[in-house]
Structure formats: structure tokens, C-alpha cells
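Take a look at the structure set out below.
The values are calculated or read from the model by the stated rules, or taken from the named source; none is laboratory data. Model, not experiment: these values are computed from the prediction. Glycine also receives a Cβ, built like all others from the backbone with ideal geometry; neighbour counts cover every protein chain displayed.
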Amino acid sequence: MEGLRRRLDEAGYLADAGLSTAMALAVALGLPLLLEGEPGVGKTEAAKALARAQGSSLIRLQCYEGLAASEALYEWNYQRQLLAIRAAESRHERLADDDLFTEEFLQERPILRAVRAATTVPPVLLIDEIDRADDEFEALLLEFLGEASVTVPEIGTFHATRRPTVVLTSNRSRELHDALRRRCLYHWISFPDPERVAAILRRRVPQAGEAVVASVSAFVGRVRGLDLEKAPGMAEAIDWLSALSALGVAALAPAEPGWPDLGLTLGALAKTPDDLDSVRDALAEPLGGGCGPAADAPRR
Amino acid sequence: MRVVPDLLPGVDRAAFGATLAGHLRRSGISVGLSEIEAFTRALSAIPPRTRTSLYWTARVTLVRRAEDLARFDAVFDALFGGGAIRLDPHARRQDALRVVAERPPPVRARTGGDAGGADLPWAVLPGGRGRVGPPEPGDDDARSAPLRLPSPLIGLADVPFPAFDAGALALLDGWLAEALGEWPTRRSRRLRPAPTGPRVDLRQTLAGSRRTGFEPARLVRSRQAPRRRRVVMLCDVSRSMQPYAAAYLHLLRAAVVAADAEVFAFSSSLTRLTPALAHASAEVAVDRATAAVDDRFGGTHIAGSIRELLRSRHEGTCRGAVVLVASDGWDSDPPEALGAAVASLRRRAHRLLWLNPRAAAPGFAPSTGGMAAALPHCDQLLPAHTLAGMADVVAAIVRR
């Protein structure tokens, strides 16, 4: 487990004890892992980092309402089948079902691709935002999650030689069924504490200075305590820090003439008009509402 | 290299997992056999070496819902944190010896009085006599405690709402069942076969063409399947709405049972009533709902409750739904806050209906305060103060 944590660290993702335990168990037991948490805490990033840490490929399936077997499991190549029929006719041959429904005409979609992958290290299948899909899609997934197999009625059942690592993410906007939860390990990712926020920011935005990283993580922690419609998550904090370092801001300091107002960058942090006002007020309180130049940045 | 010893050596993993699951089940977390199996396999695949890793292994495999995490923490701390089960075999042996040494003293039963347990071979607590109201001067029994009566569902003294007897309930259920036939729907992305649909379903067409020598002689068409819109109901149960609360709770229950509605009650804070009201028997459901709402006599915070709903994980159920708010608009929060909250609710909902029993009074004009701020954002304002008013509510839901 420590080995996995170290490899995740090298892949650029700082995982805490709980998440690394969950991932290690998912890999060791061959069970799917359901990651739940608020939006923007890094669930999708965790799955991508796991793929990099394992040295395997990432297969991604983005869920939406109405996702059906033809987009998730497999699809028959109807055009090719029709062409084969016409070609057989022109040669005056008979064509039977067995000739027409073979693997040659089968188009793989992400889940079947994960099952049939023949690499040494099994791939990581990311089923993203499963709460956006509907009940029918959850029912489709049950066979795959339980036994890592996909049944194509015309051909037969494909079993995975090595079970792929499956990671499902959910924003909890809809309640998932018990049948799905029973087949998966479960981990809740909460927003990290300020020291870990600073460590993650330092890793993801390496060009930012130490002072601005510290003040950004403190400010984001304070903003999350306000009553906002959409509280900013890790992704928004990373975007804002990238914006600040792109503008050459060294510290959240009172404004100097000639420099852009820091409040203009808050669109990375606050996503609705009311939130923008609240965050701007919070920024103005102890700082006098502005930004300061970097030590060696050219004056405009 | 220092070898870190295994935690819990010599412990039967299956029995350990089953016992831990038993404790969790007794605290209300549903743990099934597959979870216990996963936990036991995890203990052998990655044996935990510290208490923290045991915690995470148990949590990831045994708990499958976010709501159960707090209870799991409590059970785990009680078992492994307070030293009730020591993880070190030597300490466990000492514990066992200590338990044998401290034999509990024999108990003499209390005789007489109103204890009611005079003949029992174990001690009973002194029978507290409950009193209602403040203690009288002559009452020197220090053991009596004030009784907390359940909040009475007051009958409808001054307002024309008939008592909700079985006949009225049956009527309400009947209206809703009838309305289900014309429930508002929305297009979903699922396709279903329809002879006059705009899309051609290639798979079924080719499958059907087998019968005609693989010539697609008959095109199978499909269209987008409609889904019923969800109904979300918020009911004000504060003191000013007391005469109507009972009747509205019945309406909420009928909606939950018939139409899978999500229902909430609020006065100073928000309570989700859907699990409490999802019962076939009306009395049981209303009793459970009354027990669930425990803040009925504080000030009303309509804006705060709506904001709490939109910040919670039930915000997604309001999207595209028909939302009903049953309240008289008397809010302790400033009217601008109520206007903003109702506006953000309206932006997510498909339609917003407001039920205000005060609107039935002649000469009612929402010119003041909360009601005036909320009215511009509502699609309809309904009085709903009589049984016929309930029928109008159901009709308003199905009207497009």
C-alpha cells in the first residue's frame, strides 16, 4: 500500500491514507471502487493518477442520461453487415447468421474494450459521473461489475482474463441503487485540510511562489466557510492559483496603481453572480482589495 | 529491517468480520454478506499493521453509503478506541482476567412505591413520576421530571377545513391516482419503439430483415420516451400554519405514495420527510412525520430553508421538477432574502406553485413582506384551504 501511495505521488497525485487504502484494496481484491464526494475534490484525477501509477492505460466512459448498451458495451457495424450481404448476393452465396454476427462486425465500446484488453497490466476503466446516468444503465452495469464479463447474445460471453480495475465516480446528485453499491468498494473523498491543500497546490502549480500558495490555500479555506451556492473545490483553487501566477502576482497584498484588480480573477473561484459578490467582499476585507506585483516582474 | 507485527494475530478473520458487521448492523448500518466477504478477503490480501489501516480497510469494504460514515466512526471508536477490545493479545488476556475478577454485586430489588419492578431480581431505576408543567411548591419529590407531550396536531377551530377522516383520505388518494394518467412529462434520451417516430432503429430493422432475406423491407422507428416529472413539496409546519399542517401532511403522504414525490417540512430548518411518510397507513405516516420534525415552535425561516435545500444534495431533484411550496409567507428573514431564494428555486424548477391558505380570505392582497417578494417568481398562487382546494392543487400540477 505504501508502494502504491509512492507511485501515486510520482504520478502527481497526493493521496491520503484512506484513498490509497481504497485503491490498493480495489486492485488487490479485483473489486470496483466507487468514489463519492463534492464536485471538484479530484475524483476523476484520482482514477487517472491510478492508471499512471499502475503503468496501464485509462479507458474512460462518461455517463449521461440515456446512455445505452450501444454506446457503452458494444455495437454491431450495420453498414459493414449490409455490405457483406450485398457482396454475398453478388457472388450468389448464402449467408447465415453465424457469418453475419461475428467478431469481425463487432464494434467495441469502452466496457467491452476493458474486458477484452490483452495487456500485461489490466487497464483502468473510469466510469465518470455514474449519477448522471439513469436506472436502466445501472442495470446494464451489474453483470460487468459483478463478474467482469460482457454477454453479447449473438456470440456469447466475453470474460476478462485479468479483471480490469474499475473506478466509478459520483457527485451524489442522485441516489445509486443498492445493487450497484453492493458490488463496489466505497470511499468518500472530502475536501482536504489546509496543509494538504497547500501541498497539492504546490505540486500542481509549481511556478507559483510560496507566499501566494499559502495565502491562496488560507483564502480558499475561508471562502468555503461562507454561505455560497457553489463552494469552490480543489479544481477551482488550482485554476485560480494558475491565473494568479500567470499574471505574476506574488502575494495577496493591497493594490498598487497600474496593476489589474485582483477581483477580476475571481471568476476562477466563484461561479454565480451572488457568489462572486460574496467572494469579492471576503477578498476586500483584510487586504484592501487588490494585488501586488512579483518581485522581478516587469512594471507595466 | 524491523518486522512490524501483524495486528490481531491468531484471530479468526471470518469471525472477526462477522462480529464487527454485527456491531455495525446493531447501530443501524446495513452490512450484507458480500461486504463481510470483501472485508475478510481484504484482511488477508493486505493485512493491516496499524489501527489506522484497520480503520480504513473496514471503512472502505463495509460501509457503502455516505450517511453511514458517522455511525461507523462511532462504532469503531467504541470498539477499538476506548480499549474495549485491545489489539494486543497480552492486553486482551489481562482484560479477560479483570472481567472475571470483578463479579457484579448481588442486587436487592426496590420494594414498594410505584417502581413496578418490586419482584425483579435486578435493580430498577427509581420510578420517576412525570409531571406536566412547572413543579408545584408542595411537590418535594425530587425525582419527577417534566413530561414532554407530543406536539398536538390541532384541529381546525376557526378555519373551514374539514377533519381528515377516512373518506377525505380516500378522495385525496383517488384524485392523485387519477391524475397519474396525465402527469406532466418530459422527454428523456431513451428511445422506445413507435410506429410514427422520427428515428429509424437500425438494430431492430436489421434483426427484422432476417425474415425477408436481409432486405430491410420494414423500417422500425423509435422516438424519445417520455418520463414523469418529479414533484417536490415543501411544507411550512410552523405555528402560524398549524391549522393546515395536518391536512398538508396528508397531501404530502399521498404524493409520496402515489407519485414518488420528494417532500420536506420546514419551520426554522429543513427536514426531509420522504422516508417517514412513505407508509401505506396514514396515521402511522403522520405520526412518524410529526416525530421527525422537532423545531415547530421557533421562528419561520423560509428563505433559509429554501437555501438549505438548494445547497444540499437534493438540489438535483428540484431540477426540472414541479415544485410546491405551502407556506403563508410570514418569514423572520428579510423579504429580499426570500425573493432571492425563491428566484433561485424557480430557475431550477420547471414550475413553481405556491399554496397560501391566507389567500382564501376575502380582500387578500400580497402587498407586504415575504409573500410580495416571492409572488413574482411563482407560476401560480393557490389557496388550498379546503378539500376542494386540494383538488385544485392536483389539477394545477397536471395542467401544462
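The table below gives the values:
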item: B:Asp328, sole failed condition from (1) surrounded by 22 or more Cβ atoms within 10 Å (Cβ to Cβ); (2) touching a Ser or Thr at 6+ places or on another chain (Cβ under 8 Å); result: (1)
item: Hey, B:Ala337 among the hydrophobic types (A, V, I, L, M, F, W, C) and surrounded by 22 or more Cβ atoms within 10 Å (Cβ to Cβ) or not; result: no
item: One residue from A:Glu129, A:Glu143, A:Glu75 being touching a strand residue (DSSP E or B) at 6+ places or on another chain (Cβ under 7 Å), closer than 30 Å to A:Asp178 by Cα and modelled with pLDDT under 90; result: A:Glu143
item: Residue in segment B:264-272 that is surrounded by 18 or more Cβ atoms within 10 Å (Cβ to Cβ) and more than 27 Å from B:Asp165 (Cβ to Cβ) present; result: yes
item: Boolean, A:Arg163 is of a type in the set (Lys, Arg) and part of a helix (DSSP H, G or I); result: no
item: Test result for B:Leu309, touching a strand residue (DSSP E or B) at 6+ places or on another chain (Cβ under 7 Å), buried (at least 18 other Cβ atoms within 10 Å of the Cβ) and either at positive phi or within 14 Å of chain A (Cβ to nearest Cβ) (or both); result: yes
item: Filtered residue count, segment A:93-118, keeping only those that are within 32 Å of the chain's Cα centre (by Cα) and without any contact (Cβ under 8 Å) to a residue 24 or more places away in the chain; result: 0
item: Checking A:Gly12 against (1) in contact (Cβ under 8 Å) with a residue 60 or more places away in the chain; (2) assigned to a helix (DSSP H, G or I); (3) more than 14 Å from chain B (Cβ to nearest Cβ), the condition it does not meet; result: (2)
item: Residue in segment A:58-70 that is within 13 Å of chain B (Cβ to nearest Cβ) and either farther than 30 Å from A:Asp178 by Cβ or of a type in the set (Ser, Thr, Tyr) (or both) present; result: yes
item: Helices (runs of 4 or more DSSP H) (entirely within segment B:1-116) containing at least 1 residues that are touching a Lys or Arg at 6+ places or on another chain (Cβ under 8 Å) and at pLDDT 90 or above; result: B:13-26, B:33-45, B:69-76
item: Residues of segment A:96-115 satisfying the condition of being at pLDDT below 90, surrounded by 16 or more Cβ atoms within 10 Å (Cβ to Cβ) and over 25 Å from B:Arg192 (Cα atoms); result: A:Leu100
item: First in segment B:24-48 and closer than 21 Å to A:Val27 by Cα and touching a residue at least 24 places away in the same chain (Cβ under 8 Å), second anywhere and among the basic types (Lys, Arg) and in a helix (DSSP H, G or I), Cβ under 6 Å, 6 or more apart; result: B:Thr40/B:Arg13; B:Leu43/B:Arg13
item: Within segment A:104-155, tally of residues that are out of contact with any Phe, Trp or Tyr (no Cβ under 7 Å at 6 or more places or on another chain) and either in a helix (DSSP H, G or I) or at positive phi (or both); result: 21
item: Leading residue by the ranking (farthest from B:Ile306 (Cα to Cα)) among those in segment A:206-231 that are in contact (Cβ under 8 Å) with a residue 12 or more places away in the chain and within 14 Å of chain B (Cβ to nearest Cβ); result: A:Arg224
item: Residue satisfying condition, being more than 9 Å from every other protein chain (Cβ to nearest Cβ) and under 24 Å from A:Arg182 (Cα atoms), within set A:Gly55, A:Gly42; result: A:Gly42
item: Residue match in segment A:233-247 (condition: touching a helix residue (DSSP H, G or I) at 6+ places or on another chain (Cβ under 8 Å), over 30 Å from A:Ile130 (Cβ atoms), assigned to a loop (DSSP other than H, G, I, E, B) and away from chain B (no Cβ under 14 Å)); result: yes
item: Filter result for A:Ser90 (small (Gly, Ala, Ser), free of Cβ contacts under 8 Å to residues at least 24 places away in the same chain, crowded, with 21+ Cβ neighbours inside 10 Å and within 14 Å of chain B (Cβ to nearest Cβ)); result: no
item: Residue in segment B:46-64 that is touching a His at 6+ places or on another chain (Cβ under 7 Å) and facing chain A (nearest Cβ under 10 Å) present; result: yes
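Residues are listed down the side, and each one gets a yes or a no for (1) more than 26 Å from B:Arg311 (Cβ to Cβ); (2) surrounded by fewer than 21 Cβ atoms within 10 Å (Cβ to Cβ); (3) in contact (Cβ under 8 Å) with a residue 12 or more places away in the chain; (4) not hydrophobic (A, V, I, L, M, F, W, C):
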| site | (1), (2), (3), (4) |
| --- | --- |
| A:Asn171 | no, yes, yes, yes |
| A:Ala179 | yes, yes, yes, no |
| A:Pro192 | no, yes, yes, yes |
| A:Ala199 | yes, yes, yes, no |
| A:Arg204 | yes, yes, yes, yes |
